[in-house]
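The values are calculated or read from the model by the stated rules, or taken from the named source; none is laboratory data. Because the structure is predicted, anything quoted here is derived from the model rather than measured. No Cβ is skipped: glycine too gets one built from the backbone with ideal geometry, and neighbour counts run over all protein chains shown. Each accessible area value is taken on the protein alone, full model and side chains, heavy atoms only, with ligands, DNA and RNA left out. Shrake-Rupley method; radii C 1.70, N 1.55, O 1.52, S 1.80 Å.
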Amino acid sequence: MKTKVLLLAFLCGVVTSVSAQEYQPQVGFSTENGSKVNFKKNKASDNWFISLGGGASMYLGDQNSDAAFGDRVNWATGLSIGKWYNPYLAFRLKLTGGQLNNFSNILVSGKTELSNQDFLYGNAHLDMMWDVTNFWAPYNEKKAVRLIPFVGIGYAMRPDKSADGYRYKRSESPTINLGLQIPFRLSKRVDLFLEGEYAMLNEQFNRVDMGQEEDRVVQALLGLNFKLGRTDFEVIEPMDYDLLNDLNSQINALRAQNEECCKRPKSCPECPKVEPVVEQVEVMHNVVFFRLNSSVIDKNQEGHIFQTSEYAKKHNLPVKVVGFADKKTGTTDYNMGLSERRARAVAKRLNEKYGIPTEKISIEWKGDAKQPYEINEWNRVVIMDTNK
């Protein structure tokens, strides 16, 4: 019964170790398409942005097509603030405005002339932004160029205006806003962007009703995105769930056997007396797993180093530390250096934090020449053995 209890405890330790590896974050990039990846939720203050831009706008509808293209173009500005909730989904509030030129045919002395009525306007809208380059392709915070279509709803207004002895009343309209933003990365905090937008308004917004379904405004802006707070995301990569389920099944089976053993009588008169067994000191085998391309010891791995050090001190045993790296990432020379840094980090922790003398610690590193585990990610590891 004691053996089964010890085996159960060992399996529990293995599952705990595997569960601790269930989430291995990769910061700022992923190896799969963003749509297939889970991302860690950042703080509410992270991944905000402010955008400022200026450019040109044009009013479409009614008789504007009769005017020359250059006469129809006027200035426009834009200001927006928003937040990325993951690498491919954001919401923003955008304010755009400027001056529009609206043309209509009027009769002057029996002749038809094209008259220009210019007016100021403003449009506030809430947009959903979709970064297709991080959705359909692997996420990378350092991409030089991205494509971000957006769609939103809003409200547009043109103020009162008096001209030529006539007062033009204020106009209002709900809007549907569509567009595409193309950011060009300048630095970690700043992007240069080019943005085109198409806004649909009701027919009476320009105070001219020609029987069309709606008026439209198109604009193009060039500006800067300023990123606030944390700018990247962490990728969460799940481990092998089949392995976890198999280990859990074994634990449950051993628990059932242990409960059955507990039902047996405590004494057994007919059993011969068993002489006490002298405790045998066995070799302890323990591991420290590392993240991809890292030699930093995670907090959830400290327990393994502590257990090894306590066992070594209790039985006065030396500790052998061997570092490894996985085959699928990095060159052979780089992985050899990485495995050395991992082994030395564990040896330093055993000595400085847990009091194992340096003369009782031996260090080796194998790079990716030897792979102790079949699962590639598990080979980002340091193995500790206590030797007799």
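The table below lists the values:
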item: Most to least packed among 65-74, 172-181, 309-318, 125-134 [average Cβ atoms within 10 Å]; result: 125-134, 172-181, 309-318, 65-74
item: Rounded accessible area of T31 (nearest 10 Å², 1.4 Å probe); result: 100 Å²
item: Residue-span extension gain [A220 to W75] - 0.36 nm each, minus C-alpha spacing; result: 51.2 nm
item: Restraint check, K40/K188; K188/K299; K36/K328; K327/K353; K94/K142; K328/K370, Cα-Cα greater than 22 Å; result: K188/K299; K327/K353; K94/K142
item: Residue-span extension gain [T231 to M128] - 0.36 nm each, minus C-alpha spacing; result: 35.2 nm
item: Alpha carbon centroid spacing (whole Å) that separates region 345-388 from region 33-112; result: 58 Å
item: Neighbour net charge for W365 - beta-carbon separation under 9 angstrom, K R +1, D E -1; result: +2
